[in-house]
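Reviewing the structure listed below.
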Amino acid sequence: MSFKLNILVGTMTGIAQLVAQEIELRLDAEGIGVNTMEMDELDPMVFDREGIFMICTSTYGQGDVPDNAKDLYEALCTQRPDLSHVRYGVIALGDRTYAETFCFGGKRFDKILGELGAQRIGEIMLHDASAGTLPEDEAAEWIEGWVELCNENIGREAVLDAAQN
């Protein structure tokens, strides 16, 4: 089973973009169509696109979303669109040295998407910059299991849709 994946990237230094590119390369080889978009210029209507979404974001300042993600995040918080049709995953980048706000960029997106009815697939991938591992390597490994969960989710929905019709 195959699906489309929309990766929405929130980044200040380009690390989250590197992670998204690595995922795109890995999934391209598996025949999954990936569309990577930096969050600049995006609004909540991006969630009207076909496919599953991946929020790939770093954390900045006092646990904030990166500058290029602020407008989208704030629009979700104020416009509060119904996202019950949305399925998504989160890759959150952070540094455990800042324990109180570790990976809050991704956690903030997860919280608002959940409040708006979107359904997360799997657990959030939390990358710790102080762990000495490359986030793109860790994400490339993690994405394999996440894709399996997506395919299971799509299969369940197809069965439910068929049963309702």
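Would you check which residues across the stretch 104-121 are in a loop (DSSP other than H, G, I, E, B) and either modelled with pLDDT under 95 or surrounded by fewer than 17 Cβ atoms within 10 Å (Cβ to Cβ) (or both) and list them? G117, the sole residue that qualifies. Spot the failing condition for R96; the list is (1) modelled with pLDDT under 95; (2) crowded, with 18+ Cβ neighbours inside 10 Å, and only one is missed. Just one mismatch for R96, condition (2).
Taking first residues from the stretch 19-45 that are assigned to a helix (DSSP H, G or I) and partners that are exposed (fewer than 15 other Cβ atoms within 10 Å of the Cβ), the Cβ contacts under 8 Å between residues at least 6 apart in sequence or on separate chains come to E22/D137; R26/E144; P44/Q79. Within the stretch 73-94, one or more residues are more than 20 Å from L116 (Cα to Cα) and not in a helix (DSSP H, G or I). Residue pairs whose Cβ atoms lie under 8 Å apart, sitting 6 or more positions apart in sequence or on different chains, and linking a residue in the stretch 126-140 that is at positive phi to a partner that is buried (at least 16 other Cβ atoms within 10 Å of the Cβ) and among the hydroxyl-bearing types (S, T, Y), do not occur here. Candidates in the stretch 61-73 are the residues that are touching a strand residue (DSSP E or B) at 6+ places or on another chain (Cβ under 9 Å) and either of a type in the set (D, E) or at pLDDT below 95 (or both); of these, the one that is nearest to K111 (Cα to Cα) is G63. A residue that is surrounded by fewer than 19 Cβ atoms within 10 Å (Cβ to Cβ), of a type in the set (S, T, N, Q) and within 21 Å of A69 (Cα to Cα) occurs nowhere in the stretch 127-134.
The values are calculated or read from the model by the stated rules, or taken from the named source; none is laboratory data. From a predicted model like this one, the values you see are computed outputs, not experimental measurements. With ideal geometry, Cβ positions are generated from the backbone for all residues, glycine too; neighbour counts draw on all protein chains shown.
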